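Only one structure is covered here, and it is reproduced in the block below.
The values are calculated or read from the model by the stated rules, or taken from the named source; none is laboratory data. Predicted model, so just to flag it, every value in this text is computed and none were measured. All accessible areas refer to the heavy atoms of the entire protein, side chains included, with ligands and DNA or RNA removed. Shrake-Rupley method; radii C 1.70, N 1.55, O 1.52, S 1.80 Å.
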Amino acid sequence: MSKRRLSLQNITAIAIAVIGVIGSITVAYFAFRGNIVPLQLSISTTQTAEASRVLIVNTLVPTPASPQNTQIVSPLVATSTPSSAANTIYVENFDSDPGDWVTGNFEKPYSKQTRTITDGAFEFSALFTSDEAFAWANVPGLRIKNFNMSIDTKVIQLPSNSKTDIVIAFRYNNQGSTTYVVTFGSDSSFSFYSRDNGEWTLEFQGKSNAFQIKEGMTNTFGIKAIEQDFTIYANGQELQTVENNMINYEGEIGIGMKGNNEKSMLVRFDNIVITEAFDK
């Protein structure tokens with residue numbers, strides 16, 4: 001009986017010792033887990049923040065362009081149209097003295113002329129010595145076939161009781177014996193002329209209220225020449241397209257006036273812009 005009791009006591013002691021060991025292991029395990037979890041959360045949070053930062057950076061930095069037909073535009077940077085800049089042939093606003101423009105006093109076959117650079121414009125006066133006479137000056141150093149052109153004109157002085165015109169000549173060759181001419185008249189008419197070996201032909205004439213040739217008035221006139229098609233503009237409005245294939249090669253461009261005998265006029269030309277034009 002005493003031996004059995006001893007055995008039970010031994011068993012009980014052993015069981016208590018085993019339970020103690022298990023408890024210690026359990027406490028140590030959960031303590032270890034308690035240290036690991038905050039570390040994992042910290043690492044996870046750091047990785048998430050880093051991922052967010054990388055995502056924001058990738059949103060703001062443009063993707064590198066591929067070599068073909070791709071243009072990178074930085075955020076908040078204004079850009080101009082590349083083609084408009086590439087196609088510009090000639091621009092002159094006369095803000096500084098352009099030495100290549102011929103100025104001075106001239107005795108021409110049908111007019112007496114004075115040309116100066118005044119108040120940031122090309123000032124051109126002519127006293128005509130014949131009826132239906134032209135007077136113009138050519139854009140220096142330019143020969144071209146197809147183009148877009150615009151020019152501002154301000155009339156300073158006009159004769160009374162006599163029709164006068166602003167003139168744009170183009171495809172000008174052989175000292176003007178071969179050329180096209182567009183005129184904008186003080187009677188609101190506009191005309192398209194061709195000249196072949198000195199012989200003038202009126203190809204088209206019309207009227208428009210899109211412009212006024214009067215003292216103090218400024219108008220913007222334009223020509224688009226593409227092969228045999230010529231479109232006439234005034235103050236942004238298309239007036240007419242004329243087809244003519246007589247002069248199908250390049251030439252100079254001239255600006256000036258048309259008037260009658262013993263009549264004079266004074267015009268300021270400014271803001272000449274000439275760009276390339278291509279077939280439709």
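Observations on the structure shown:
- Taking 24 Å as the limit for the C-alpha separation, the pairs K112/K145; K145/K207; K145/K263; K112/K214 exceed it in the case of K112/K145; K145/K207; K145/K263.
- Segment 205-280: Cα Rg divided by the 2.2 N^0.38 Å rule of thumb: 1.27
- Fully extending the segment from N197 to Y249, taken as 0.36 nm per residue of separation minus the present Cα-Cα distance, adds 17.2 nm.
- Accessible surface of segment 129-280, 1.4 Å probe, proportion on carbon and sulfur as whole %: 38 percent
- Rg over Rh for segment 109-200 works out to 0.94, using Cα positions for both radii and the Kirkwood form for Rh.
- When the surface is traced with a 1.4 Å probe over the full set of protein chains, K112 keeps roughly 100 Å² accessible.
- Kirkwood Rh (inverse of mean 1/r, distinct Cα pairs), segment 146-280, angstrom: 15.1 Å
- Averaged per residue, segment 79-206 has 47 square angstrom of accessible surface, using a 1.4 angstrom probe with ligands and nucleic acids left out.
- Exposure of S264 as accessible area (Å², to 10), given a probe of 1.4 Å and all protein chains: 40 Å²
- The listed residues W101, W200 rank as W200, W101 when sorted by accessible area, largest first, using a 1.4 Å probe.
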